[in-house]
Amino acid sequence: MGHFRLLVVGNAISAYGSFLNMVALNVFIYHVTGSALTTGLFMAVRLGTNVVSGFVSGRLVSLHDRKRLMVGADLTQATALLVLLLAPDGGRVALLFALAVVSGFCSTLSQVALRSSVPEIVGADHRARANGLLVTGRSLAMIAGFASSGVVVAQFGYSTAFALDAATFVVSASILFLLPVRTRAAEDERDGTGAAEKSGGGRWVSRTLLRTAPLLAVMIVIRAIDGLGSSSHNVALPIYSGGLDPDHPATFISQFWATWAIGNIAAQQLFGRVMGRRGRGPGERAFALGSIVMSAAFIVVFTGLPTVLAVLVALIAGMADGFTEIVYVTRLQAAPDEQRGRLFGLSASAENAGFGLGMIVSAALLEYLAPLPVVAVFHGLAIALCTGLLATLLVRRDTPSAGRKDTGAGEGPEPDRGISPAEGSRS
């Protein structure tokens, strides 16, 4: 795990730059154009690229060396930022949209490649612990990036923010390039391509997922619906916070996200360690229960609780969110190596599509409705799906042969098949 910890550090450094730049770029494009529409289009282009690139990334990760893909993605983003820095003021708007495409594609490619590689880097038995470290590093980077973005831009300017982001990508690429880690299964490394591709693996996700691994398909759908719910509370929180204290509209939202982050990081460390010691992760039932708790907590936050109770609920939401993230990622990593890239590519597209659609729909609904019903509808849909999944798992548990039908996308009868015969290992 020593090499992997260095990889986590490099990934967190680049993530810090990404979150810093996320704020800086959005403010910069509005500063340059003075147009809210152009700013919205910029964000839409990046998010749309995230959705489309999930499918492309899955194929690339299945065909090519993942370490090279991750290094190349980091260096490409660094180069794009440097081009923006050197460009004349008149040409920067067009370059900003090009940068949105580049950063959206490269960030998704890096995520899919890294998540697909974890079992090969640390071993299948340690993937839950490794996922906890990765998500914790990214969460800390998110806090630092968002917290420092205003200071960096205000004190040093946009150019410094972009240069700092480019430097973080170079550092991340350098660390990854120097680390002696294997990111593919040994048999795939010898012939340079995945077995899934040689046997028509490109059709596996679209044609076989629902038939051979319906529980994985349901989990991916639930994550997409979670994206809808996540977008609804992200849009609703500023409105709700402003209604609580019009004179200090940022007070509650800052308390909420700070507490959520603490719970999220604590859960990632706690459950990552526990699952790592067990050498296996909980199954689909734990994922469904964690998702229900998370969605219910987000709904309760908007019910007008006293601040202390609302912050406590935010802590619960953060812990449930961190737990389900580890469980979900580790479960997908239980799939065979040649199928894993496609699976994570599909998942990335589904989650980004859910979040993007939710941002549009929830923003429109909040023009006419209060935050509580909007958040309750979106998160309530996730709760309903998870309840259906739990009911299905209970039925399958009572059916002796049912647990052997869903092999987890070709995962096979691993000893860590989870809590019930129908459940596979997961983080």
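The values are calculated or read from the model by the stated rules, or taken from the named source; none is laboratory data. Only a predicted model underlies this, so the values are computations on that prediction, with no experimental measurement involved. Quick reminder, even Gly has a Cβ in these numbers, built from the backbone with ideal geometry, and neighbours come from all protein chains shown. Only protein heavy atoms, including side chains, enter the accessible area calculation; ligands, DNA and RNA are left aside. Shrake-Rupley method; radii C 1.70, N 1.55, O 1.52, S 1.80 Å.
Some observations on this one:
- Legend: residues His126, His31, His233, sorted from most to least accessible area (1.4 Å probe; ligands, DNA and RNA excluded), read His31, His126, His233.
- Applying 0.36 nm per residue to the separation of Ile239 and Glu367 and subtracting their alpha-carbon distance, the gain on full extension is 45.0 nm.
- Largest-first ordering by accessible area, 1.4 Å probe, given options Phe55, Phe344, Phe323: Phe55, Phe323, Phe344
- Accessible surface area normalised per residue over region 134-174 is 43 Å², counting heavy atoms of protein chains with a 1.4 Å rolling probe.
- Pairwise Cα separations in region 299-387 fall into 10 Å bins from 0 onward with the following percentages, short to long: 14, 34, 34, 14, 4, 0.
- Accessible area of region 43-105 divided out per residue, in Å², using a probe of 1.4 angstrom: 45 Å²
- All C-alpha to C-alpha distances of region 42-83, sorted into 5 Å bins beginning at zero, yield P(r) values of 5, 20, 18, 28, 21, 8, 1 percent in whole numbers.
- Efficiency of FRET from Cβ geometry, Gln255 and Val93, R₀ 35 Å, rounded to 0.05: 0.45
- Using the Cβ-Cβ distance between Val274 and Leu6 with R0 = 25 Å, the FRET efficiency computed as 1/(1 + (r/R0)^6) comes to roughly 0.55.
- Per-residue accessible area (protein heavy atoms, 1.4 Å probe) orders Ser254, Ser18, Ser347 as Ser254, Ser18, Ser347, starting from the largest.
- Counting only protein heavy atoms and using a 1.4 Å probe, the accessible area of Glu367 comes to about 140 Å².
- Gain on full stretching of the segment that runs from Asp65 to Leu357 - 0.36 nm per residue minus C-alpha separation: 101.9 nm
- For region 37-187, the Cα-based Rg and Dmax, in that order, read 16.7, 53 Å.
- Modelled this way, with points 7 Å down the Cα-to-C-beta line, the labels at Ala36 and Leu309 are 3.5 nm from one another.
- Counting only protein heavy atoms and using a 1.4 Å probe, the accessible area of Leu86 comes to about 150 Å².
- Potential lengthening between Val395 and Ala144 on full extension [0.36 nm per residue; Cα-Cα distance subtracted]: 85.8 nm
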